[in-house]
């Protein structure tokens, strides 16, 4: 069956270390809850309602059961997995602190240098520089990432960070920002202002020696963005 082949490909990708995105991880996690069902729509429904993988794990049982495709047994399964994963998640995030613009570039490079498709990431930061959550999305397209209209606002509302760094990669042509990059940055700046979040930077990764920083290049000023 087609979805069985898809599951095998996803499991192989997981084994090879290629699964890093929230919706992919959640889709695979739900394989056990739905032995014969396409779990991709349910994974996206959960993320759309809860804002992030952490939001899914932090949601209470009644909230999860209200989401389309999620019944009592699946909600209980998610809560059980969340309880098992919480200690490991806490230990991992404690190790990540971004305290200056050099740290932003280094963190961006470490996460994006091996990506084969265009990836958008948002690094949500606490006041002390600790990385509170990493939001990562790709459509498995080389030059474009699409987002649901309310996807990022839902994540921000769920995480409630002090600050945010935008990061994405360019697969060719260098790190110079495009008009689309500028429009997206302006949209994120407006969203940050609405939620009281400080926008620190937008880093574009082309290679370890070619990382564009909106802040360092004074592009925020050119775009009339207050940070």
Percent relative contact order of the stretch 101-222, based on C-alpha pairs within less than 8 angstrom and at least six residues apart? 28 percent
Fully extended contour minus Cα-Cα distance, from residue 16 to residue 76, at 0.36 nm per residue: 18.7 nm
Taking only Cα atoms, what is the 0 to 90° angle, nearest 10, from helix 72-93's long axis to the longest principal axis of the chain? 40 degrees
Cα axis of helix 179-195 to longest principal axis of the chain: angle in degrees, 0 to 90, nearest 10? 70 degrees
Residue 8 paired with residue 171, simple spin-label distance in nm, labels 7 Å along Cα-to-beta-carbon: 2.6 nm
Tell me what the chain gives for mean residue ellipticity at 222 nm when only DSSP H runs of n ≥ 4 count, each as -39,500 (n - 2.57), the sum divided by the residue total, rounded to 500 deg cm²/dmol. -14500 deg cm²/dmol
Simple label model, 7 Å out from Cα along Cβ direction - residue 99 to residue 180, nm: 3.8 nm
Give the shape of the stretch 101-222 as rounded, prolate or oblate, defined through the alpha-carbon gyration tensor: a ≥ b ≥ c are the square roots of its eigenvalues, a/c under 1.5 means rounded, and otherwise the shape is prolate if a/b is larger than b/c and oblate if not. rounded
Quote the relative contact order of the chain in percent (integer), defining contacts as alpha-carbon pairs under 8 Å separated by 6+ residues. 16 percent
Between 0 and 90 degrees, rounded to the nearest ten: what's the tilt of helix 2-15 against the longest Cα principal axis of the chain? 60 degrees
Using 0.36 nm per residue of separation minus the Cα-Cα distance, give me the extension gain between residue 221 and residue 110 in nm, one decimal. 37.2 nm
Distance-filtered residues of the stretch 200-227 - backbone nitrogen under 17 Å, label point 7 angstrom along residue 187 Cα→Cβ: 202-203
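Values quoted throughout were computed directly from the atomic coordinates according to the rules given, and no laboratory measurement underlies them. Being a predicted model, the structure only gives us computed values, none of them experimental. When we count neighbours, we look across all protein chains shown, and the Cβ atoms used for this are built from the backbone with ideal geometry, even at glycine.
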